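Every read-out reported here was derived from the displayed coordinates using simple, explicitly stated rules and does not represent laboratory data. This structure is a prediction, so every number in the text was calculated from the model and none was measured. Note that we place each Cβ from the backbone using ideal geometry, even for glycine, and neighbour counts take in every protein chain shown.
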Amino acid sequence: MAYIRNRAECLTGCQDASPWTPKTDLQQDFIMVYGTDKDMPARILKYREKGYVTHLMTGSAWGNYQDFLDGEWDGVDHWDESQEDRFGKPIMHGERVPYLCPSMAFCKYLTEKLKPAVDTGVEAIHLEEPEFWDDGGYSEGFKREYRDFYHEEWQPPHASALNRYKCAHLKVYLYKRLLEYVSRELKRYARETYDRELKFYVPTHSLVNYTQWKILSPEGTLLDIPTVDGCIAQVWTGTSRVGNVYRGHYTERTFETAFLEYGVMQELVRGTGRRMWFLHDPVEDDPAYTWEDFRKNYLKTVVASLLHPEVHHFEAVTWPNRVMTGIYPKRPRAKIGFAPGASMTGAKPIPRDYATLICTMVQLLGDMDQKDARFDADLPRVGIFMADTGLYQRTFPDNVPHSEEGVAGLNDRFIGMKLRQIDRIDTREEEQTLFERIAKDDALYNDYVTSGPFPHFFGMAMPLIKCGIPLRPVQLENVERYEDYLQSYDTLLLSYEFIKPRSQRIHDALVSWVRSGGTLILIGDGSDPYHRAEGWWNTGELHYADPMQHLMEALGVTAGSEPSVHPAGAGRVAIYPLSPGRITLSHEETDRYLRFVLPVAAPHFAPRSHLMMHRGPYVIAACMEESVSAAPVTLRGLYADILESGFPILRQKTLQPGDNALLFDLDAIENEPLRIIGTSARIFALQDEDGKITLTCKAAADITVHIRLRLPRSVHTATATDESGSSLPVSCLWDEESRTALLTLQSTNQLTQVTLQ
């Protein structure tokens, strides 16, 4: 029955460094006990005693590894294996916690640190966030790795595009090596010592976010590691609220960015058989926001994730302790990232209705393995290519023209705009002046395309999302890894102004796809300085100015100075000769782009302001701001509103721009007499016997439990008894139209039996 599931399925989980408590017992399927401290085995055993499947998570790039750094582990000081920028400054995650350049010594150290978790019986290891900052690559440890890898002396990354590309490739390789070594050795240890198969997963940010934030990481490269069993998509408010530019306006676009982030993570593993969990966080790392802001953006990310139906496993709450016991807003503490400091004006504990909603979402997400998943209309199947190589070229070297303001100055401007927007100050005039300057100044444009808003990608992607097209990022490297990888798409957008193809085989696959009927839209003007770095397209017998020239020749088409469309076999090639970051600079540039791209990518599609999916009996919808219409979207039917307290029964739901919805369509279960509609408690059993309906449930302490049930007959009384035999007050409200009952009681974190008559 829906909602009643075996914990071994690991459909929902969380990570926490804190011990088990009744208040944080959110009744998920599995727990990733965080950290390798001496208390770790005891924490694992306690969670297992409470019924959880137990995993272990720790950081791969940073952590409490001072015994390694200080030489206590092997007698060698390893502080020079910290990541370091060009000015000799260590790149820190916290006080005495640097980001690491992972040597083989660290690979061996981390393996030994994780063996006690295997000894305690965890079923999986999660090694999170393999991250090498783009600013790094200057420490003595990295220079040693460079000499060993390239058999030549280290060259500073800032000196040339080739140097930066080579250093970036090495950074990704070092974390790939770490993950390969640790996963292989721990799996071998579990097999040889305990005759047990151990799973190994990598929680990682999306390729969209890592590229935007300039962090090198083995994203698509993870698929080349056979001992990695899957990933967690670390997408949350903190990654998705990062500002971008659309129609000359810089601001947060949490829903749209989250949709793209979850999309690329779904595509990373699609068709591979590897597991993917989508992560949600009801708060975020920056503690300076209010509960109202946390809730609004949390729901935007949840709804965005549910529009990608090929993933039905979720890390439903990231850090339960900081959510359920946190007091916000708080000031971030200096020098310790976003660690919360003193409370700000209005700080308070989590509102009770939000705590209940979070518990509701934990249970809902365990019911997302729905075979019938479809958008509400026949929407265009459009993708946009991304690649790991995009991580390599997010910073231009010093020999490329830069403005006096520089990338850092532009980023400071954007941060200032965001702060003024939070204070409700209109920044439009300031933005217009800036973007007009950028459009006219090539050096300033160079700094803009490598700045925080990541305009090359969002310039192409955001206009299509805002038109209601469910655009999905597509992993370019998978084109050569998996046959028929592109068959889910009719149109693909590709720009080599911010990514590069790692081999000519990618072009062979693209040509075959186009000639078989696909439409490829090529965007770019050849201005990216990384075209001139050494690549397969300009070495040996090949002498192309950029990889797009090679691809066009293979397709038999020629670009002019104006946008054009060309036949190619049974397919088409469209060419838009503009650097994609320029699309972001004004309304006019965005409109010009859409006038060309929409008739090619979606000739029979009428742009709209919403995305909506039916996923089994659930309706997931978002109405977007800044879209083709400011009119509301109204859904009509017989629904239970899952996002509202008590799951109220509705005949219609109206969404204003910026709103989202998650509804249970009661008409979809017309023939089901007994069904769980929504619940904020885990339900272990639901039975209809001898004229009584009984259910057994459990929830985190100190929340209000709501359970709505479809029942075969009306009920008007309910009794509840907890595992100690004590009676609990419970209310029961019957709704005749929907044939559902709403139960409400207060949780004591005890197994509770409810009887209905």
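Note on the range 247-301: dipole from Cβ charges, positive end direction compared against T272, A258, Y298; the farthest Cα belongs to T272.
Taking 7 Å steps out from each Cα toward its Cβ at S564 and K50 produces label points 6.6 nm apart. Taking other residues whose beta carbon is less than 14 angstrom from the beta carbon of L26, and scoring Lys, Arg as +1 and Asp, Glu as -1, yields 0. The chymotrypsin sites (Phe, Trp or Tyr not before Pro) found in the range 294-384 that occupy coil by DSSP, while having at most 15 further C-beta atoms within 10 Å, are F338. Charge tally for I683 (other residues, Cβ to Cβ under 10 Å; Lys, Arg +1; Asp, Glu -1): +3. Calculate, for S527 and E429, the FRET efficiency according to 1/(1 + (r/R0)^6) with r their C-beta to C-beta distance and R0 25 Å; round to the nearest 0.05. My answer for the efficiency is 0.30. The distance separating the Cα centre of the range 5-47 from that of the range 505-528 comes to 46 Å.
Packing order of peptides 54-63, 524-533, highest average first: 54-63, 524-533 (average count of other Cβ atoms within 10 Å over each peptide's residues).
Summing Lys and Arg as +1 and Asp and Glu as -1 over all other residues whose Cβ lies under 13 Å from the Cβ of I469 gives a net charge of +1. Averaging Cα coordinates gives a centre for the range 355-416 and one for the range 741-755; these two points are 40 Å apart. The candidate values are (i) 2, 9, 15, 20, 25, 18, 7, 2, 0, 0; (ii) 3, 13, 23, 26, 20, 11, 4, 1, 0; (iii) 2, 11, 15, 13, 8, 7, 6, 6, 7, 7, 7, 6, 3, 1, 0; the one derived from this structure for P(r) over Cα pairs in 10 Å bins from 0, in percent carries the label (ii). Fully extending the segment from E541 to D376 would add 54.3 nm, taking 0.36 nm per residue of separation and subtracting the current Cα-Cα distance.
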